[in-house]
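**Student:** Got a structure for you, written out below as C-alpha cells; questions coming shortly.
The values are calculated or read from the model by the stated rules, or taken from the named source; none is laboratory data. On a predicted model such as this, the values are computed, not experimentally measured, just so you know. All Cβ positions, glycine included, derive from the backbone under ideal geometry; neighbour counts span all protein chains shown. The area values use the complete protein model at the heavy-atom level, side chains included, leaving out ligands, DNA and RNA. Shrake-Rupley method; radii C 1.70, N 1.55, O 1.52, S 1.80 Å.
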Amino acid sequence: MARVCQVTGKKPITGHKVSFSNKKAKRRFLPNLQTKRFYLVEEDRWVTLKLAADAIRTINKNGLYSVVKELRAQGEKI
C-alpha cells in the first residue's frame with residue numbers, strides 16, 4: 001500500500017537535507033502513519049485504517065462513524 005492517510009490524504013513530500021556547510025541533497029518527508037483497528041459499534045465489526053496521527057485525533061473529536069460515513073461518500077471502500 002502507498003504511504004497515504006485514508007482520512008486526511010497526507011502523503012510524502014520532498015525537500016532538502018541541508019548539511020552544516022549548507023549543501024543541499026534531496027530527501028522525502030514521510031507522514032506519521034499508523035495502522036489502527038477500530039471497533040465500529042453501529043455495524044458490530046472491526047475496521048482497520050491507515051491513519052496519520054492527526055487523523056486519529058480527528059476520529060476522537062468527530063466520532064468514528066461520522067468519519068467512516070464521509071469516507072464512504074467519497075468512494076473509499078471500508
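**Student:** Go through the stretch 52-70 and give me each residue that's in a helix (DSSP H, G or I) and open to solvent by less than 70 Å² (accessible area, probe 1.4 Å).
**Tutor:** Ala53, Asp54, Ala55, Ile56, Thr58, Ile59, Leu64, Ser66, Val67, Val68
**Student:** Search the stretch 60-74 for residues that are touching a residue at least 40 places away in the same chain (Cβ under 8 Å) and pair each with any residue that is in a helix (DSSP H, G or I) and open to solvent by less than 90 Å² (accessible area, probe 1.4 Å) when their beta-carbon atoms are under 7 Å apart and the residues are at least 6 apart or on different chains.
**Tutor:** Final answer for the pair search is Val67/Thr58; Val67/Ile59.
**Student:** Condition first: among the hydrophobic types (A, V, I, L, M, F, W, C) and more than 14 Å from Ala53 (Cβ to Cβ). Now tell me which residues in the stretch 5-28 satisfy that.
**Tutor:** Correct list: Ile13, Val18, Phe20, Ala25.
**Student:** Right, here's the next one. Checking Ile78 against (1) open to solvent by less than 70 Å² (accessible area, probe 1.4 Å); (2) modelled with pLDDT of 95 or more; (3) in contact with a strand residue (DSSP E or B) (Cβ under 6 Å, 6 or more places away or on another chain): exactly one of these is not met. Which one?
**Tutor:** That leaves (2) as the condition not met.
**Student:** Within the bounds of the stretch 26-46, is there any residue that is at pLDDT below 95, exposed (fewer than 10 other Cβ atoms within 10 Å of the Cβ) and not aliphatic (A, V, I, L, M)?
**Tutor:** So far as the stretch 26-46 goes, yes, one or more of its residues are at pLDDT below 95, exposed (fewer than 10 other Cβ atoms within 10 Å of the Cβ) and not aliphatic (A, V, I, L, M).
**Student:** Next question, about the same structure. Can you name every residue in the stretch 19-48 that is under 14 Å from Val67 (Cβ atoms), of a type in the set (D, E, K, R) and part of a strand (DSSP E or B)?
**Tutor:** If the condition is that a residue be under 14 Å from Val67 (Cβ atoms), of a type in the set (D, E, K, R) and part of a strand (DSSP E or B), then Lys36 is the only one that fits.
**Student:** Could you tell me whether Leu49 is surrounded by 13 or more Cβ atoms within 10 Å (Cβ to Cβ) and over 16 Å from the mean Cα position of the chain (by Cα)?
**Tutor:** Considered against the rule, which asks whether it is surrounded by 13 or more Cβ atoms within 10 Å (Cβ to Cβ) and over 16 Å from the mean Cα position of the chain (by Cα), Leu49 comes out as no.
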